[in-house]
Amino acid sequence: MSLAGSDYLLKVIKDNAIQTYTAYNLRFHPIIKWLKANLNLDRILEVQAYCGSYLPEWRTSDYRDNYSAKRELGGGVHLDLIHEMDYLTWILGQPNNINSHFAKVSNLEIDSVDSASYHLEYDRYNAHILLNYFRRDTKRTLEIVMNNDSFFANLIEGTIKNNKGEMLFKTDEKIQYTYDKQMEYFLENLKRDNSFMNAIPEALQTLKMHLHNK
């Protein structure tokens, strides 16, 4: 929820050669993996990532008692839905500049941020991320506009279509699949003593971007 002490943490990790891994399960989503493997970055003109869902339906307990509702416990949509920033920068690379806006706009009984937007500037295009806690009809999508085509990815439906409506990729795997594959990756690399993607130094850069202007 903050970068306090991160420099000391990085020093301890480096001095003791500690293997670290930060769990971002959407890197194992078949949709994200397909885009990572097949997207031609030189053709991109615009990127839009969106994730919105209704916080009271996230868990069986009263949402007002959960950490997500409480700023002092690290709650806020900008932290809960940090996955969009992670998978976008994993696919596109680090932006040259970033601007952000955070707000509490809904009637949810929380004191944390329920709306967040990010504007990422790259050499030839911009990418935008919109996040919220208040959308009743859950939506998690990624749109990529290119010179002569567009990709429309729906992470909930498990589909990627082009601007003609043609199916480019489809998966029937549900969200649990991403956790299973992530654990397989972690255990296999731990056993082989391999380096992990998304070690703490990389993950701290993502957190730094998500806390931008906070």
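Regarding region 71-82, can at least one residue be identified that is in a strand (DSSP E or B), surrounded by 15 or more Cβ atoms within 10 Å (Cβ to Cβ) and touching a residue at least 24 places away in the same chain (Cβ under 8 Å)? No: zero hits.
Within region 1-20, residues that are farther than 12 Å from residue 199 by Cα reach partners that are among the small types (Gly, Ala, Ser) with beta carbons closer than 9 Å, at six or more positions or on different chains, in the pairs 1/74; 1/75; 1/76; 2/74.
On the given criteria, is residue 47 β-branched (Val, Ile, Thr) and either within 11 Å of the chain's Cα centre (by Cα) or exposed (fewer than 13 other Cβ atoms within 10 Å of the Cβ) (or both)? In short, no. Given the criterion in contact with a Ser or Thr (Cβ under 9 Å, 6 or more places away or on another chain) and within 22 Å of residue 52 (Cα to Cα), identify the matching residue among 172, 137, 111. On inspection, the qualifying residue turns out to be 137. Of the residues making up region 1-37, not one is exposed (fewer than 13 other Cβ atoms within 10 Å of the Cβ), closer than 27 Å to residue 167 by Cβ and either modelled with pLDDT under 95 or aromatic (Phe, Trp, Tyr) (or both).
The values are calculated or read from the model by the stated rules, or taken from the named source; none is laboratory data. Because the structure is a prediction, the values reported are computed rather than measured. Positions of Cβ are backbone-derived with ideal geometry, glycine not excepted, and every protein chain shown enters the neighbour counts.
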